[in-house]
Amino acid sequence: MSALEPLYEGKAKLLYRTDDPEVLLTRFKDDATAFNAQKRGQIVGKGAINCEISSYLFQVLEQSGIPTHFLDCPSATEMRVRAVTILPIEVVVRNIAAGSLCKQTGIALGTVLPQPLVEFYYKNDALGDPLLTRDRLLLMELATPEQLEMLQSQALQINQRLIDFFQSCGITLVDFKLEFGVDSHQRVILADEISPDTCRLWNQATDDPNQRVMDKDRFRQDLGQVEAAYQQVLERIKGNRV
Ligand code: UDP
């Protein structure tokens with residue numbers, strides 16, 4: 001199957017139509033952005049690493065009965081996915097306080113949350129992806145009440161599966177962002193990517209607050225060794241492969 005015309009260019013991925021209307025092709029880029037694209041750069045090799053990590057994690061989730069858009073990878077940086085209409089909601093799940101949760105609440109970095117926190121953000125660059133309340137989300141008709149329940153329960157299930165998986169790689173899953181889409185049968189399925197660009201991952205081999213970071217915070221905070229950290233995540237995942 002060949003890629004035809006580009007449908008959409010995002011910050012980290014390109015999306016193409018294919019000759020099958022039920023199938024799209026995602027090409028992962030080396031481009032990196034942070035702080036609503038105010039910081040830009042390239043992480044050499046990131047496209048291929050994130051494509052492989054995402055593909056592996058989608059398969060882990062599928063094996064646990066969680067539907068995803070993943071089909072297969074025709075090349076190192078390309079993923080064939082089921083065509084879905086993406087809901088304009090970023091679903092963030094947090095296990096440990098970091099990032100905007102610390103900034104907005106004053107909770108100390110690294111505080112283990114008593115239970116996973118699920119948050120919804122409006123996927124809208126012009127508005128700076130604001131945090132939504134449940135009522136605002138429904139008021140704006142970004143999802144139906146049923147879809148919202150579904151997002152919440154899927155996010156928690158995905159979190160548990162990913163916590164266990166990363167634990168077996170010696171990695172702590174601090175938080176992550178998910179996007180969901182609706183397919184032609186009105187099923188809500190997991191879409192986008194799951195990678196060090198969209199997760200906070202801490203290496204359990206060290207307590208050093210800078211050294212432990214294996215994710216995009218290395219880029220956001222100029223900690224260096226960004227590609228090496230992403231590669232390390234991939235190696236741990238591969239080492240875990242049965
Ligand atoms: N995240 C993401 N894309 C976004 C915003 C957040 O992938 O547009 C991820 C981020 O990498 C982290 C989690 O969601 O794993 C929570 O991010 P947070 O709200 O703390 O925002 P940040 O600190 O990135 O501003």
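Values quoted throughout were computed directly from the atomic coordinates according to the rules given, and no laboratory measurement underlies them. These figures come from a predicted structure and were not determined experimentally. Because the Cβ atoms are built from the backbone with ideal geometry, glycine has one as well, and the counts that use them run over all protein chains shown.
Would you mind computing Rg(Cα) / (2.2 N^0.38 Å) for the stretch 1-108, counting N as its residues?
For the stretch 1-108, the normalised Cα radius of gyration is 1.23.
Pairs of alpha-carbon atoms within less than 8 angstrom and 6+ residues apart define the contacts here; what relative contact order does the stretch 80-123 have, in percent?
Averaging sequence separation for qualifying contacts and normalising by length gives 48 percent for the stretch 80-123.
Between Leu127 and Glu146, what length in nm is gained on full extension when 0.36 nm per residue of separation is reduced by their alpha carbon distance?
My answer for the length gained is 4.3 nm.
Got a sec? How would Asp208, Asp192 order by Cβ neighbour count within 10 Å, fewest to most?
Asp208, Asp192
Starting from the 7 Å offset along Cα-to-Cβ, what nm value, one decimal, do you get for the label separation of Val182 and Ala34?
Between Val182 and Ala34, the label points sit 3.5 nm apart.
Test of understanding: what is the full-extension gain from Asn210 to Leu7, defined as 0.36 nm times their sequence separation minus their Cα-Cα distance?
69.3 nm
Running Debye on the chain with equal point scatterers at the Cα sites and no solvent, what base-10 log of I(q)/I(0) appears at q = 0.12, 0.15, 0.17 Å⁻¹?
-0.67, -1.11, -1.49
Report the equivalent ellipsoid semi-axes for the stretch 95-147 in whole Å, largest first, defined as the square roots of five times the eigenvalues of the gyration tensor built from alpha carbon atoms.
Semi-axes from the Cα gyration tensor: 24, 15, 8 Å.
Could you list the chymotrypsin sites (Phe, Trp or Tyr not before Pro) in the stretch 196-234 that lie in coil according to DSSP, counting only those with at most 10 other Cβ atoms within 10 Å of their Cβ?
Of the chymotrypsin sites (Phe, Trp or Tyr not before Pro), not one in the loops of the stretch 196-234 has a Cβ with at most 10 other Cβ atoms within 10 Å.
Pick from Asp164, Asp222, Asp175: which residue has the top mean-square fluctuation in a GNM of the chain where Cα pairs under 10 Å get a spring?
Asp222
Quick check: residue separation of Asp135 and Gln225 times 0.36 nm, minus the Cα distance between them. What number comes out in nm?
Extra length from Asp135 to Gln225 when fully extended: 28.2 nm.
Given the options Glu119, Glu146, Glu62, state which has the largest fluctuation in a GNM of the chain using a 10 Å cut-off (strictly under) for Cα springs.
Largest GNM mean-square fluctuation: Glu146.
For a quick check, take a GNM of the chain with Cα springs below 10 Å and name the residue from Glu227, Glu149, Glu52 with the largest mean-square fluctuation.
Comparing Glu227, Glu149, Glu52 in a Gaussian network model of the chain, the most mobile one is Glu149.
Provide the FRET efficiency to the nearest 0.05 for the Thr111-Thr85 pair, computing r from the beta carbons and using R0 = 25 Å.
0.10
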